[in-house]
1. Do we have any residue at all in segment 59-77 that's basic (Lys, Arg) and within 27 Å of Asp211 (Cβ to Cβ)?
2. Among the residues of segment 2-45 satisfying the criterion of being near the ligand (Cβ under 7 Å from one of its atoms) and in a strand (DSSP E or B), which is nearest to the chain's Cα centre (by Cα)?
3. Only residues in segment 55-71 that are over 23 Å from His21 (Cα atoms) and among the aliphatic types (A, V, I, L, M) count as the first member; pair them with residues that are modelled with pLDDT of 95 or more and open to solvent by 80 Å² or more (accessible area, probe 1.4 Å), Cβ under 9 angstrom, at least 6 apart or cross-chain, and list the lot.
4. Return a yes/no flag: does segment 30-40 have any residue that is surrounded by fewer than 19 Cβ atoms within 10 Å (Cβ to Cβ) and at pLDDT below 95.
5. Looking only at segment 302-326, how many residues end up being surrounded by 18 or more Cβ atoms within 10 Å (Cβ to Cβ) and in a loop (DSSP other than H, G, I, E, B)?
6. Restricting segment 202-241 to residues that are away from the ligand (no atom under 16 Å from the Cβ) and open to solvent by less than 40 Å² (accessible area, probe 1.4 Å), which is farthest from Ser130 (Cα to Cα)?
7. Find the residue count for segment 145-164, including only residues that are over 16 Å from Thr127 (Cβ atoms) and loosely packed, with under 15 Cβ neighbours inside 10 Å.
8. Take Ala260 and decide whether it is closer than 20 Å to Met16 by Cβ and at pLDDT 95 or above.
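The values are calculated or read from the model by the stated rules, or taken from the named source; none is laboratory data. Source: prediction; values computed, not measured. Cβ: placed from backbone, ideal geometry, glycine included. Neighbour counts: every protein chain shown. In case anyone asks, the SASA skips ligands and DNA or RNA and just uses the protein heavy atoms, side chains included. Shrake-Rupley method; radii C 1.70, N 1.55, O 1.52, S 1.80 Å.
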Amino acid sequence: MVEYLVVGAGPAGLQMGRFLHQAGRDYVIVEAEPGPGSFFRRFPRHRVLATDDNSLFDGVPFARYSKRAFPGADDLVRYLEDFARPLNVRYNTRVTRLDQFDARHVILATGKKPYVPGIPGVEHAETYASASTDPTEYAGKRVLIIGRGHSAFETADHIATTARITHTVGRSVQRIVKRGNEFVATIDGTGQLRYDKVVVCTGFRRDTSLDVPHAHVLAGDSIKAIRHAARALHRTLEAEHHGVPWPHRKVRNRPDSLAATVAVRAREIPDGLADVVVPQGGHALLYDEMPTTERNGFVVTSTQICHYRKNELIAVERRLHRKPLERFFSQQLAVPCIS
Ligand SMILES: Cc1cc2nc3c(=O)[nH]c(=O)nc-3n(C[C@H](O)[C@H](O)[C@H](O)COP(=O)(O)OP(=O)(O)OC[C@H]3O[C@@H](n4cnc5c(N)ncnc54)[C@H](O)[C@@H]3O)c2cc1C
């Protein structure tokens, strides 16, 4: 019996594990592979990360592992290995059914798997995960890359150095037919074109195979989004199961002070989360980065501030600069706000 079961030792599972570890909770992280960060051992295929903002909360800054604007993926693997070291991780343990474990709370941090669309003939194509990363294999060839996202352009960038033709297309491929060593692709609005290689780079989708209503899903499109989502989930669990109040700080309950604070915070709040400001007499309590289901007082996201009274929306301001915010607070503080 364990209190918290975290499935997956990627950035999300490790971040959650770190919070549970620090809070002294009974937890285990289970990971299918022999080490942490298995996604980044395989991807990106060409081993260059898309961003240098890869630090997790409560660890050393990722900048100690790489100073590059586009760091190497292996630097991130080393970072995740060090981050995982003090945590309770059980490797080589693939979860196929959640009832394998006796856990009070489950957090699914199983990441995403390559997604292949149902285009007729797609099974003949190579994929982002399987295609060779050796540019000489594409020398003089006509290559079709299906996909218009990050992995498609990463692949195109490498292939284009040697290929004769590199086409990238989005959703307009209707069919692929393999004839001998050649592929004939039917493309909406263009007709039929012949290629020597077809590579499907159509992104990643979350694996939902373990989803059950009582499990918490922790996922995101970047480490930045994940670390904030993990902190919000951990704070929610601490409040619900251990009576730990959501952390808050006090701000002077004056339009100028509130406007100054909100103008700064609005630039920092990640998508899907909101700061909540609850005026109380001479000061206001600021609860940072709550799930946006919160409907109490002033709810600040990166795009707007909403004033709620008993769940009813009474005012919105989208200009998140000091002067308009000061005017907004001056008007709204005249309206009683619930606490
Ligand atoms: C090409 C590419 C490049 C990217 N570059 C960056 C970047 O530079 N910076 C960035 O912030 N983000 C980047 N991302 C996004 C990146 O995928 C996420 O930030 C990050 O990997 C998500 O972390 P995660 O922990 O949710 O999932 P993952 O990193 O995928 O971790 C999930 C873990 O769960 C394990 N697992 C899965 N199923 C089971 C199971 N049933 N039982 C046990 N264990 C299981 C897996 O083995 C894996 O270790 C990139 C994405 C792509 C596609």
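1. The answer is no; no qualifying residue exists.
2. Val7
3. Ala63/Asp52; Ala69/Asp52
4. Among the residues of segment 30-40, not one is surrounded by fewer than 19 Cβ atoms within 10 Å (Cβ to Cβ) and at pLDDT below 95, which makes the answer no.
5. 1
6. Step by step, filter segment 202-241, then rank; the result is Glu238.
7. Residues flagged as over 16 Å from Thr127 (Cβ atoms) and loosely packed, with under 15 Cβ neighbours inside 10 Å within segment 145-164 amount to 3.
8. In short, no.
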